[in-house]
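First comes the structure, then the notes that go with it.
A short reminder: the numbers here are calculations on the coordinates, not readings from a lab. None of the values given here were measured: they were computed from a predicted structure. Cβ: placed from backbone, ideal geometry, glycine included. Neighbour counts: every protein chain shown.
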Amino acid sequence: MGGAKGRSALGRAVGRIGAAAAASERPVGAERSPSSFEQVTRRGLEDLTRQVERLELKINGVFLAMIAAMLAELYRAVVR
């Protein structure tokens, strides 16, 4: 899930906020190295994005397990 297509809506929103903040702080046409604050903030934002993506994977796994359990119970009820 590295690309923007694989991200959730929340992950994309967090990424857009980070990109907008980075773009608004840089002067137009000037290349400069990011400040320490910007590096730490960007790292924190990337970590948060990864945590959100992992949490969504876990939630999707729980939903799939719940659906599978419901289908198994439904099958048992129909077969008996």
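Residue 8 versus residue 77, label points 7 Å from Cα toward the beta carbon: distance in nm?
Output for this residue pair reads 2.9 nm.
Between rounded, prolate and oblate, where does the stretch 9-79 land on the alpha carbon gyration tensor, with a ≥ b ≥ c its root eigenvalues, rounded for a/c under 1.5, else prolate if a/b exceeds b/c?
The shape class here is prolate.
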